[in-house]
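A short worksheet on the structure shown next.
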Amino acid sequence: MIASEILVTGASGFLGGYLANRLADDGRKVRVLARRSSDVSRLNKDGSIQFCYGELEDLNSLRECMRNVKTVFHCAAMSSDWGDERAFWRANVLAIENLVEIAKESEGFNCFLHVSSTDVYGYPMFPGDESRELKKVGLPYNESKIEGEAVLWRAYRDVGFPVTILRPATIYGPHSMSIVKEIYDHLKSRTMLLVNRGESPAGLVYVDNLVDAAIAAADSHDTAGKAYDITDDEVVSWFGFANTLADRTGTKRPFLNLSESIALKCGYLFEALWRALNISTRPPLTRHAVYLFSRDQQYDNRKAKVELGYESRVSFEEGMNRTVEWLKSADD
Ligand SMILES: NC(=O)c1ccc[n+]([C@@H]2O[C@H](COP(=O)([O-])OP(=O)(O)OC[C@H]3O[C@@H](n4cnc5c(N)ncnc54)[C@H](OP(=O)(O)O)[C@@H]3O)[C@@H](O)[C@H]2O)c1
């Protein structure tokens, strides 16, 4: 059951912003943890959200933000296909170690809702369900998300720490910078690349649907120690997603295409070159991006449906309407 004192991390980001606003709109007492550099302009400004400035890597500042907190929605993460391995570890593992250490000491702490990712399954050819083993494939995002989960599963096993994990596949909606905005920018510059003609299901989940699942999981009495894969019901391929975005924004459909094997070789080469030359910006193609665009990501959402009453309330049609409206208003 969500207690009155809720902390949302990553609220300046895409998912965390939606979650914090929804919880506040529902009349719950919400605090967000933000960095001094975070852009919190999307969050409700009516006083319904309390702001606490701190660093996830710094125990002292975290203690202050965790005071009286009974429920944490942990959305903060370094979520990227490229970056320094140590930065991934600090954001995706150390941050969780710190939060768990403080939460374990907090009287009445009752729920740590952690947002993980289906990337922890290691991009198999065919998606499964939550019983699939987690697999490291030598990519820092995938490995750090697995290690972050491991910290939480250990705490659950050792002291019954009340953790529930959601593993969304591809989150989309207004304010999605890493999926929607990036694909839109590539469509505009005619550099959008499909892999295997974009035939693989993208495993989309509309952001509000994921927020529903997160709140249902934290509200439930019976989700501690469990993980849930979250996708929408409608199966949409990358081809379908990119073409719908192109058609509705008046941009041209993508024409560039590579097979997965060629794209992976290009990804390897770019990554090696970028590392050798110590270039900090992202390479034009990475293995991580190729896996996401070429592997079926339609993970099974049946456990969430049965146990959380999850339903993908916002359809693809409606989700894309809202998304395109946002893109157009951002362009104006
Ligand atoms: N987007 C997707 O398609 C997708 C898919 C599957 C799973 N996920 C998972 O869903 C969660 C939310 O993703 P998102 O797309 O909303 O991410 P996002 O938009 O990139 O937001 C990330 C948030 O984390 C914060 N953050 C990052 N490093 C931090 C640190 N070291 N200390 C404090 N805050 C830090 C950022 O704060 P600043 O604003 O200060 O940088 C921001 O608020 C993540 O756990 C991600 O792994 C995302």
Distance from the Cα centre of the stretch 47-74 to that of the stretch 226-264, in angstrom?
36
Over the chain, what percent of the accessible surface lies on carbon and sulfur atoms, probe 1.4 Å?
51
Rounded to the nearest 0.05, what FRET efficiency is calculated for N110 and R90 with R0 set to 25 Å and r the Cβ-Cβ distance?
0.40
Rounded to 10°, Cα long-axis angle of helix 14-25 versus longest principal axis of the chain
40
Full-extension gain in nm, M177 to D219, via 0.36 nm per residue minus C-alpha separation
12.2 nm
Charge dipole of the chain about the Cα centre (unit charges at C-beta), most positive-ward option of I230, S189, N110:
S189
Between R157 and K45, the two model label points (7 Å from Cα along the beta-carbon direction) sit apart by a distance in nm of 4.8
Please turn the phi angles of the stretch 293-304 into ³J(HN,Hα) values with the Karplus equation 6.51 cos²θ - 1.76 cosθ + 1.60 (θ = phi - 60°), one per residue in order, whole Hz, x for glycine and proline.
8, 10, 9, 4, 10, 7, 5, 6, 9, 5, 4, 5
Can you list residues whose amide H is under 5 Å from I171's amide H, if they're 5+ apart or on another chain and H is modeled 1.01 Å from N?
V205
Give the Kirkwood hydrodynamic radius (Å, one decimal) of the chain, defined as one over the mean of 1/r across all pairs of different Cα atoms.
20.3
Can you tell me the 0 to 90 degree angle between the C-alpha axis of helix 140-159 and the longest principal axis of the chain, rounded to 10?
20
Honestly the stretch 265-332 on the Cα gyration tensor test (a ≥ b ≥ c root eigenvalues; a/c under 1.5 rounded, otherwise a/b vs b/c for prolate or oblate) is just oblate
If you fit an axis through the alpha-carbon atoms of helix 260-276 and take the longest principal axis of the Cα set of the chain, what angle between them do you get, 0 to 90°, nearest 10?
70
Using the per-residue mean of other Cβ atoms lying within 10 Å as a proxy for protection, in what order, highest first, do the peptides 206-212, 247-253, 45-51, 300-306 fall?
206-212, 300-306, 247-253, 45-51
For the stretch 1-130, dividing by residue count, accessible area per residue (probe 1.4 Å) in Å² works out to 43
About the Cα centre, and with charges only on the beta carbon of Lys, Arg (+1) and Asp, Glu (-1), how big is the dipole of the chain? Nearest 20 debye, please.
660
Would you please state which residues of the stretch 193-227 a label at E260 would reach in this model, taking the label point 7 Å out along Cα→Cβ and a backbone N cut-off of under 15 Å?
194-203
Label model pair L269, K136: point-to-point distance (7 angstrom along the Cα→beta-carbon line) in nm is 2.9
With r as the distance between the Cβ atoms of R67 and E234 and R0 = 30 Å, compute the FRET efficiency 1/(1 + (r/R0)^6) and round to 0.05.
0.10
Find the relative contact order for the chain and round it to a whole percent, using C-alpha pairs within less than 8 Å whose residues are 6+ positions apart.
18
Which residues in the stretch 82-96 place their backbone N less than 17 Å from a point set 7 Å from the Cα of L277 along the Cα-to-Cβ direction?
83
With the dipole of the chain worked out from charges on the C-beta (+1 for Lys and Arg, -1 for Asp and Glu) around the Cα centre, which of T251, G203, H221 lies farthest toward the positive end?
T251
What does the C-alpha gyration tensor say about the overall shape of the stretch 200-275? Classify as rounded when a/c is under 1.5, otherwise prolate if a/b is larger than b/c, or oblate.
oblate
Suppose R0 equals 30 Å; then what is the FRET efficiency for R197 and E318 from their Cβ-Cβ distance, rounded to the nearest 0.05?
0.65
Using a basic spin-label model with each label point 7 Å from the Cα along Cα→Cβ, how many nm lie between D26 and C52?
2.0
The answer for GluC sites (Glu not before Pro) in the stretch 76-113 that fall in a DSSP coil and have at most 15 neighbouring Cβ atoms within 10 Å is E107
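The values are calculated or read from the model by the stated rules, or taken from the named source; none is laboratory data. Because the structure is a prediction, the values reported are computed rather than measured. When we count neighbours, we look across all protein chains shown, and the Cβ atoms used for this are built from the backbone with ideal geometry, even at glycine. Just the protein is used for accessible areas: all its heavy atoms, side chains included, with ligands, DNA and RNA removed. Shrake-Rupley method; radii C 1.70, N 1.55, O 1.52, S 1.80 Å.
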